[in-house]
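Visitor: Attaching a single structure in structure tokens format; questions to follow.
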Amino acid sequence: LSRERYTTFVVDGSDTPTTSTMIYTATGAFTLNLATLAGALSNGQSSVFTAYFAANANYTLTITNAGTIKYIGNASDVAITSAGLLLNILMLKDDNGNLTSIVQASKLL
């Protein structure tokens with residue numbers, strides 16, 4: 001039986017992640033800058049980024065440097081709530097270098 005395991009870092013505040021999984025503690029409006037992960041993709045490659053957000057209140061989440069962003073559900077679903085948020089982003093770079101990110105956010109109860 002095979003399984004994948006990842007090192008997951010815990011960060012307080014806005015971030016430019018360098019790994020595929022992160023845990024964040026949000027204490028205000030949060031900016032997620034995907035420039036480093038996007039820059040690591042060559043044409044014709046894809047990657048998945050997953051993050052868990054913990055918070056004690058509701059905050060806005062802004063995603064930058066992710067190319068064309070498409071949402072599963074509504075863009076308004078991508079907000080950090082006091083119960084937490086699970087965020088998955090599929091980043092795809094086509095043969096011409098165009099980056100598309102498909103964002104799926106699940107508010108935790």
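Visitor: Within region 61-79, track down each residue that is at pLDDT 95 or above and either part of a loop (DSSP other than H, G, I, E, B) or within 11 Å of Ala26 (Cβ to Cβ) (or both).
Guide: Of everything in region 61-79, those that are at pLDDT 95 or above and either part of a loop (DSSP other than H, G, I, E, B) or within 11 Å of Ala26 (Cβ to Cβ) (or both) turn out to be Leu61, Asn65, Ala66, Gly67.
Visitor: Name the residue that is farthest from the chain's Cα centre (by Cα), counting only residues in region 17-49 that are closer than 16 Å to Leu86 by Cβ and open to solvent by 40 Å² or more (accessible area, probe 1.4 Å).
Guide: Within region 17-49, the match that is farthest from the chain's Cα centre (by Cα) is Thr25.
Visitor: As an exercise: evaluate Thr7 against (1) modelled with pLDDT of 95 or more; (2) touching a Ser or Thr at 6+ places or on another chain (Cβ under 9 Å) and give the number of the one condition it does not meet.
Guide: (1)
The values are calculated or read from the model by the stated rules, or taken from the named source; none is laboratory data. Note that this is a predicted model, so its numbers are computed, not measured. Neighbour counts run over all protein chains shown; Cβ positions are idealised from the backbone, glycine included. Heads up: the accessible areas ignore ligands, DNA and RNA and are worked out on the full protein's heavy atoms, side chains in. Shrake-Rupley method; radii C 1.70, N 1.55, O 1.52, S 1.80 Å.
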